[in-house]
Amino acid sequence: MNLKLNRPVAFVPTMGSLHAGHKSLIEIAKELENEVVVSIFVNPLQFENPEDFTNYPKSISSDTQLAETSGATFVWVPTFEEIYPNNPEIISAGEIGKLFEGVHRFGHFDGVLTVVKRLFDLVQPKFAVFGEKDFQQLFLIKEMVARLDLPVTIISAPTIRETSGLAMSSRNSRLSNSELANASEIYSALGAATSGKSISQARELLLQKAQKISELILDYAEVIDEDTFDIATESTVKPRAIIAGWINGVRLIDNMAMTNPESAK
Ligand code: AMP
């Protein structure tokens, strides 16, 4: 398959149901290159839960409109067969792919890397823009690009939030108003972590706050080293608070960069 594109290309892969977070990624891509490709493909390989895959919100025509008004020059909605013609080359996300999101979503990151590699092969972008919202995903994509020496530069984009602080997500549309209010407490929990006087105190504050969020079934709340994805220690230079869980069957994931209180002294 040959996409007819003016090169160089800046690329924004998505699963659709676009919101202001995606819009910001497309705008960043537009600053990098005039030709901006947005793909919309709900990748079955990265869903460990068939119900989540089936219920994933779909809105192709409004997505196309939002992508184009944000600067996309080509909105690409590939079929399953285009992406996975016969036996797809499965990319392993390795040990870090088994941590955090990978613990509860077995095979999730192998699915993500497999589709991203395939999309890169087809689009051959110069730049590809990904959100910090999915921080472990961003980390693993950067790691794959380095490991396989792919000719693409990965650009990371900041998380766009509702005024409540809740990170925008396509899945938020499945939450009621009171569930949305509870979900926005995740942002407060991350904020609490940033006020810790040490990494261990930050971790404690994060966990305490997270455990008190109504309706939240917590998967993890941790402070990691964003350069390695190891658990942060008191000497970690770039700590980041990460959190994920479920409210009424809807997965919520978020993170926040921190300053190590020791280095700030
Ligand atoms: P998705 O459609 O959920 O697969 O996301 C497509 C891209 O948008 C990924 O790079 C996400 O990290 C990014 N993204 C999703 N939500 C946000 C957000 N609230 N702010 C910034 N980027 C986001």
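The values are calculated or read from the model by the stated rules, or taken from the named source; none is laboratory data. These numbers were taken from a predicted model, which means no experiment stands behind them. Glycine gets a Cβ as well: all are built from the backbone with ideal geometry, and neighbour counts include every protein chain shown. For accessibility, only protein heavy atoms count, side chains too; no ligands or nucleic acids. Shrake-Rupley method; radii C 1.70, N 1.55, O 1.52, S 1.80 Å.
List of remarks:
- Spans of helices (runs of 4 or more DSSP H) in the stretch 1-116 with at least 1 residues open to solvent by less than 30 Å² (accessible area, probe 1.4 Å) and hydroxyl-bearing (Ser, Thr, Tyr): 20-32, 60-70
- Qualifying residue in the stretch 147-157 (condition: modelled with pLDDT of 95 or more, within 15 Å of the ligand (Cβ to nearest atom) and over 16 Å from the mean Cα position of the chain (by Cα)): yes
- Qualifying position, being open to solvent by 30 Å² or more (accessible area, probe 1.4 Å), touching a helix residue (DSSP H, G or I) at 6+ places or on another chain (Cβ under 6 Å) and not charged (D, E, K, R), among SER156, SER188, SER178: SER156
- Hits in the stretch 211-237 (condition: within 20 Å of the chain's Cα centre (by Cα) and part of a helix (DSSP H, G or I)): none
- Pairs, first within 9 Å of SER70 (Cβ to Cβ) in the stretch 8-34, second near the ligand (Cβ under 9 Å from one of its atoms) and modelled with pLDDT under 95, C-beta under 9 Å, six or more apart: LEU18/SER170; HIS22/SER170
- The test for being touching a strand residue (DSSP E or B) at 6+ places or on another chain (Cβ under 9 Å), within 30 Å of PHE53 (Cβ to Cβ), crowded, with 18+ Cβ neighbours inside 10 Å and not assigned by TED's automatic domain parsing to the domain that holds GLU51 holds for ILE224.
- A single entry from SER59, SER39 fulfils the requirement of being out of contact with any Asp or Glu (no Cβ under 9 Å at 6 or more places or on another chain), within 11 Å of the ligand (Cβ to nearest atom) and in the same structural domain as GLY102 (by TED's automatic domain parsing): SER39.
- Residue within the stretch 235-253 that is closer than 28 Å to PHE120 by Cβ, among the charged types (D, E, K, R) and buried (at least 20 other Cβ atoms within 10 Å of the Cβ) present: yes
- All positions within the stretch 133-156 that are assigned to a helix (DSSP H, G or I), in contact (Cβ under 8 Å) with a residue 40 or more places away in the chain and hydrophobic (A, V, I, L, M, F, W, C): PHE135, PHE139, LEU140, MET144
- Restricting attention to the stretch 158-202, the residues that are small (Gly, Ala, Ser), within 12 Å of the ligand (Cβ to nearest atom) and at pLDDT 95 or above add up to 3.
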